[in-house]
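Please read the structure below before turning to the comments.
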Amino acid sequence: QIGKERVLQSAPRTGLAIELARATGEGNSRMQYNLVCNLVPTQQAYFLEPQGIDLLVLIELEGYTMDMVISCLKLTRISDTPHTWYNLDGTNLTTHKFRSESGRGLVYLAEYTMPYPDYIQRNKTYLHDIKVGCGEDWPTDYVQGTRYYSGEVFQLGILQGYDYWLKIDTDIRYPARHENSRFPVRSYGRTSRRRQFSRHRCSQSFGRLC
């Protein structure tokens, strides 16, 4: 029993946190960029680095480049040669490898264009229909990001080098290190909002969006 408890309290050997920094429009992109610059350092210092979790940031911000993200996060480049990963769906992902400002964390950055499913590519009006179906308080970027995390993220070739992955939102701030639990519930964002989403009318058709 003691051995079992120790296993349950221990994290898997290697983990990758995936953060989708994506927005369309000048105002939304500026907001997302500021969130990345201000909050990712807290995620690194108080959660990811103490747990030994690497970070992948997928960047799709209108008007904001990867070099701007590198500068604001004060990252140190490990290699001048980018690495191309071959995803399970036949696409590629090119990443650049860095150390965090502290030197303890491993960070991958990738300029990214989130793909839409074939049915949306054939008819972009579905983007508006989905937003209306999910309620006007759920922006298109949010709905499509949620769709991405529920399916397409599992295609990433970079995941083959890890035992597990976790989603971390750009708007999560860590004010201090969590000492009592390796994976505290609040690390995964606003759980109450997710419960609300599961009861929302959008959830009735969300399975079809993937």
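The values are calculated or read from the model by the stated rules, or taken from the named source; none is laboratory data. Just so you know, these numbers come straight off a predicted model, no measurement behind them. Neighbour counts are summed over all protein chains in view; Cβ atoms, including those assigned to glycine, are modelled from backbone coordinates with ideal geometry. SASA here: full protein model, heavy atoms, side chains in, ligands and nucleic acids out. Shrake-Rupley method; radii C 1.70, N 1.55, O 1.52, S 1.80 Å.
Applying the set (1) under 13 Å from E19 (Cβ atoms); (2) free of Cβ contacts under 8 Å to residues at least 12 places away in the same chain to N34 leaves exactly one unmet item: (1).
Identify all residues within region 43-73 that are in contact with a Pro (Cβ under 9 Å, 6 or more places away or on another chain) and modelled with pLDDT under 95; write none if there are none.
So in region 43-73, the residues in contact with a Pro (Cβ under 9 Å, 6 or more places away or on another chain) come out as 46-47, 73.
Those that are in contact with a Pro (Cβ under 9 Å, 6 or more places away or on another chain) and modelled with pLDDT under 95: Y46, F47.
The residue that is farthest from M114 (Cα to Cα), among those in region 12-33 that are of a type outside the set (A, V, I, L, M) and in a strand (DSSP E or B), is G15. Exactly one residue among G207, G151, G189 is at pLDDT 55 or above and not hydrophobic (A, V, I, L, M, F, W, C), and that residue is G151. For region 154-176, which positions are open to solvent by less than 20 Å² (accessible area, probe 1.4 Å), of a type outside the set (A, V, I, L, M, F, W, C), modelled with pLDDT of 90 or more and not in a helix (DSSP H, G or I)? Result: T170, single match.
Note on region 67-108: among residues that are over 18 Å from the mean Cα position of the chain (by Cα) and closer than 17 Å to Q160 by Cα, the one that is most open to solvent (accessible area, probe 1.4 Å) is Y86.
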